[in-house]
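Student: Following this message is one structure expressed as structure tokens.
Every read-out reported here was derived from the displayed coordinates using simple, explicitly stated rules and does not represent laboratory data. Source: prediction; values computed, not measured. Glycine also receives a Cβ, built like all others from the backbone with ideal geometry; neighbour counts cover every protein chain displayed.
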Amino acid sequence: MPSRRMHDDELEFSGSKSPTVGIEIEFQLLDPDTLDLVDGILPLLRDHPEEPRIKPEFTQSTVEINSCVCADIEELRSDVTGLVKELKRRCEGLHFTLCGAGTHPFSLRPASVTPLPHYVEMEQRMVYLAHTLKTYALHVHVGMPSGDAAVVVMSQLKPYLPVLLALSASSPFWQGQDTGFASFRQRILAAMRDYGLPPSFTSWRQFAQCFENLRTAGAVHVVRDVHWDIRPSPHYGTLEVRVMDVQPTLRETFMLAALVQTLQVYLLRCWEQEKPVRPAMPQHWWAEKENCFRASHRGVEAEIIVDETGHVRPIKAFTRELLASLAETAEELRTKDWLDQLEARLDTGHSYLRQRAVFSETRSLQKVAASLVGELEAELIEP
């Protein structure tokens, strides 16, 4: 028996009967004239308190939207598109504009922390680091049948996180500089104590004991204090992937959500049926960590370690093999069209490449921000 009593209300995993999908998107709030970040979340919530799915985040220049729990990607697309259109309308009424990317291209001022008790406590723990968190993520939740399934799939999914990071990379610029990285957001988060790759667990009880130990040590209070790149969310009965940058367009968002849902269900089926996962990836921590760094650095041009002896493959070739392995599951989940779009885009301009192309042509980071704003607005124009 454990020496401490578990907090059953916090650690009871509310399993999902089907592999539902939901997303959280952290949008940047910008001044439409300067295109710099603006601390707009408090007036936005004050003027429109009745929509609980439009939420604050850690910094005041962020607005988060939460989708409903959706059965498939088409339901998700309908739900999120309508919600983002409504958010855009509300922002325009307050003279704000929305932007989707992992970092802002040129904003120099420190982030202002949202004055809610949970965030104020985080700021006190993080001190100066709190004001560097001008980062914006896409989180994807997929329903899992049990806590044991969630933590096993989490461990199996870790080696594939570099693929998701590379495909989503949209943060090449930071405080007016080209960082040389495809996803510099990931490098900013690497400075934090509780971000990055999670440990591996073989059972829900093992995860629960780890969490209880962290809580006893004062490192966390609730599960959402655990900011790993992938984590179980017991209240929702989901496994939540958190490694990806926000996308400039909703179409790219839904492609990534389709990949996450399909990959998680594929790994779940492999575990349930005791089948090998293909393509196999090394599980050593050094390879997982190195591959995440390479993906954040070079994006879809990265080469990643694919076996125990250190051999590497281009991430594009590995992704194509992975998508082939997911084909049967994609048919089951009706995600095939989205994954086909994702594969077709492997050789075209990902967001970090598009941003660099705009800067190369204009030498203006304001024009880069304008291009990001424009990509989202073009999708939301009423037909």
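Student: Around GLN60, under 11 Å between beta carbons, what's the net of Lys plus Arg minus Asp minus Glu among the other residues?
Tutor: Numbers: positive: LYS134; negative: ASP39, GLU57.
In short, -1.
Student: May I ask you to sort MET122, MET154 by Cβ crowding, counting other Cβ atoms within 10 Å and putting the fewest first?
Tutor: Working: MET122 18, MET154 25.
Neighbour counts put them in this order, fewest first: MET122, MET154.
Student: Using the Karplus equation 6.51 cos²θ - 1.76 cosθ + 1.60 (θ = phi - 60°), what ³J(HN,Hα) coupling, rounded to whole Hz, does each residue of the range 73-78 give in order, writing x for Gly and Pro?
Tutor: These are the phi-based 3J(HN,Hα) values: 5, 5, 5, 4, 4, 4 Hz.
Student: Once the other residues with Cβ under 14 Å from the Cβ of ALA111 are scored (Lys, Arg +1; Asp, Glu -1), what is the net sum?
Tutor: Working: positive: ARG109, LYS134, ARG185; negative: GLU26, ASP36, ASP39, GLU57, GLU123.
Surrounding charge for ALA111 is -2.
Student: Something else about it: Rounded to whole Å and ordered largest first, report the semi-axes of the equivalent ellipsoid of the range 74-116 derived from its Cα gyration tensor (root of 5λ). Please report the intermediate quantities before stating the final value.
Tutor: Details: eigenvalues 125, 41, 29 Å².
The equivalent ellipsoid of the range 74-116 has semi-axes of 25, 14, 12 Å.
Student: Of ALA357, LEU45, PRO232, whose Cα points farthest to the positive end of the dipole of the chain (charges on the beta-carbon: +1 Lys, Arg; -1 Asp, Glu; origin at the Cα centre)?
Tutor: ALA357
Student: For a test of understanding, tell me how many lysine pairs in the range 8-380 have Cα atoms under 28 Å apart, given they are 8 or more places apart or on different chains.
Tutor: 24
Student: Is there a quick way to get the dipole size of the chain? I mean about its Cα centre, with the Cβ of Lys and Arg at +1 and of Asp and Glu at -1; what is the value in debye to the nearest 20? If you can, show how the numbers build up before the last one.
Tutor: Working: 40 positive and 53 negative charges, 167 e Å.
Its charge dipole is roughly 800 debye.
Student: Across the range 292-300, in residue order, what do the Karplus-derived ³J(HN,Hα) couplings come to in whole Hz, using 6.51 cos²θ - 1.76 cosθ + 1.60 with θ = phi - 60° and x for Gly and Pro?
Tutor: 5, 4, 4, 5, 5, 7, 9, x, 6
Student: If you take the alpha carbon radius of gyration of the range 90-166 and divide it by 2.2 N^0.38 Å, what ratio comes out, to two decimals?
Tutor: Values: Rg = 17.5 Å, N = 77, 2.2 N^0.38 = 11.5 Å.
This ratio for the range 90-166 stands at 1.52.
Student: Local charge sum around CYS270 (other residues, Cβ-Cβ under 12 Å, Lys/Arg +1, Asp/Glu -1)?
Tutor: Values: positive: ARG269, LYS275, ARG278; negative: GLU272, GLU274, GLU328.
Cβ neighbours under 12 Å give a net charge of 0.
Student: Could I ask something else about it? Just going by the charge dipole of the range 63-142, with Lys and Arg at +1 and Asp and Glu at -1 on Cβ, which of THR135, LEU108, SER67 is farthest out on the positive end?
Tutor: Working it through, the farthest residue towards the positive pole turns out to be LEU108.
Student: Oh, and also: With a 10 Å Cβ neighbour count serving as the proxy for reagent exposure, in which order, fewest first, do MET255, MET244, MET126 appear?
Tutor: On the way: MET255 25, MET244 29, MET126 18.
By the 10 Å Cβ count, ascending, the order reads MET126, MET255, MET244.
Student: About its Cα centre, what dipole magnitude does the range 8-145 give when the only charges are +1 on Lys and Arg Cβ and -1 on Asp and Glu Cβ, stated in debye to the nearest 20? Walk me through the intermediate numbers first.
Tutor: On the way: 12 positive and 23 negative charges, 79 e Å.
The calculated dipole for the range 8-145 is roughly 380 debye.
Student: If you don't mind, there's one more thing I want to ask. Can you give me the Rg/Rh ratio for the range 8-380, using Cα atoms for both radii and the Kirkwood formula for Rh? Don't skip to the answer; put the middle values down first.
Tutor: Numbers: Rg = 19.6 Å, Rh = 20.8 Å.
Computed over Cα atoms, the ratio is 0.94.
Student: Set Lys and Arg Cβ to +1 and Asp and Glu Cβ to -1, take the dipole of the chain about its Cα centre, and tell me which of SER371, LEU259, ALA219 lies farthest positive.
Tutor: Highest projection toward the positive end goes to ALA219.
Student: Something else now. Only counting other Cβ atoms within 10 Å, I'd like THR309, THR202, THR20 sorted with the fewest neighbours first. All intermediate terms of the calculation are to be shown ahead of the outcome.
Tutor: Working: THR309 7, THR202 11, THR20 21.
Fewest to most other Cβ atoms nearby, the residues stand as THR309, THR202, THR20.
Student: Through the Karplus equation 6.51 cos²θ - 1.76 cosθ + 1.60, θ set to phi - 60°, convert the phi angles of the range 340-345 into ³J(HN,Hα) values in whole Hz; use x for Gly and Pro.
Tutor: Ordered by residue, 3J(HN,Hα) equals 4, 4, 4, 5, 4, 7 Hz.
Student: I want to verify the translational diffusion coefficient of the range 164-319 in µm²/s; compute it with Stokes-Einstein, Rh as the Kirkwood radius over Cα pairs, at 20 °C and 1.002 mPa s.
Tutor: Values: Rh = 17.2 Å.
The diffusion coefficient I find is 124 µm²/s.
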